[in-house]
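The values are calculated or read from the model by the stated rules, or taken from the named source; none is laboratory data. From a predicted model like this one, the values you see are computed outputs, not experimental measurements. Don't worry about glycine lacking a Cβ; one is built from the backbone with ideal geometry, like all the others, and counts go over all protein chains shown.
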């Protein structure tokens, strides 16, 4: 398989990240998206990698190995149920409780923003929507997939990015989304959608880019979304069940202060 798409991605993202400040924090799950960001960031900055998870979470295991391969400083942020509930309460001041999925995947951002020393946070938001990373994309024919990618990317830009910025600003920080830079978006949209998923592998061009950057097994690691790979969703659901509530009811109860 040609690696030309991967080379194009590396070239564009290298330009996008060329103006990074000296010290940045990267939300790092040990997957291809954050791995590629880390590999490129180290050309221009001194990134520190932060991984959020409960004790023994898959993301913590994968991220430690990937950070060692990248030879970059890594800091695990291990949280328990009480700490997660505190972060939920803080996050519920910025977003309503009626969307548990959004809140759960924003928890790692909130935790890193509150704990990191660096003033700039880098996140891989947008990679799944640009390069067809979600499992549900597998069953879509090309025309349907192209529409879904367009719709899902618009939602990220309209809803997720502003929330990320509010979270970062609460702690006096900035957040950068290299995958959502117009140059990255334009380049991704130039790739035919039938090249995004090949033989059941999603995000193939992005994985090629990661392979070119020396990420080895990380380039092809299949991982769950952050709220699952970190174990956060399991903990939240467990706490909701302990109160005989759905997850949404649990968040609404937290938001109301009951």
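Listing for the model above:
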read-out: Residue 204 being within 25 Å of residue 88 (Cβ to Cβ), touching a helix residue (DSSP H, G or I) at 6+ places or on another chain (Cβ under 9 Å) and at pLDDT 90 or above; value: no
read-out: Output for segment 160-174, where each listed residue is surrounded by 13 or more Cβ atoms within 10 Å (Cβ to Cβ) and assigned to a helix (DSSP H, G or I); value: 160, 161, 163, 164, 165, 166, 167, 168, 169, 170
read-out: Residues of segment 89-109 classified as out of contact with any strand residue (DSSP E or B) (no Cβ under 9 Å at 6 or more places or on another chain) and crowded, with 22+ Cβ neighbours inside 10 Å, total; value: 4
read-out: Selected residue (criterion: surrounded by the most Cβ atoms within 10 Å (Cβ to Cβ)) from residues of segment 28-40 that are outside any helix (DSSP H, G or I) and either on the phi > 0 side of the Ramachandran plot or out of contact with any strand residue (DSSP E or B) (no Cβ under 6 Å at 6 or more places or on another chain) (or both); value: 29
read-out: Yes/no for residue 6 being assigned to a helix (DSSP H, G or I), touching a residue at least 12 places away in the same chain (Cβ under 8 Å), within 20 Å of residue 109 (Cα to Cα) and in contact with a helix residue (DSSP H, G or I) (Cβ under 7 Å, 6 or more places away or on another chain); value: no
read-out: Qualifying position, being in a loop (DSSP other than H, G, I, E, B) and in contact with a strand residue (DSSP E or B) (Cβ under 7 Å, 6 or more places away or on another chain), among 47, 21; value: 21
read-out: Flag if residue 246 is over 26 Å from residue 115 (Cα atoms) and in contact (Cβ under 8 Å) with a residue 12 or more places away in the chain; value: no
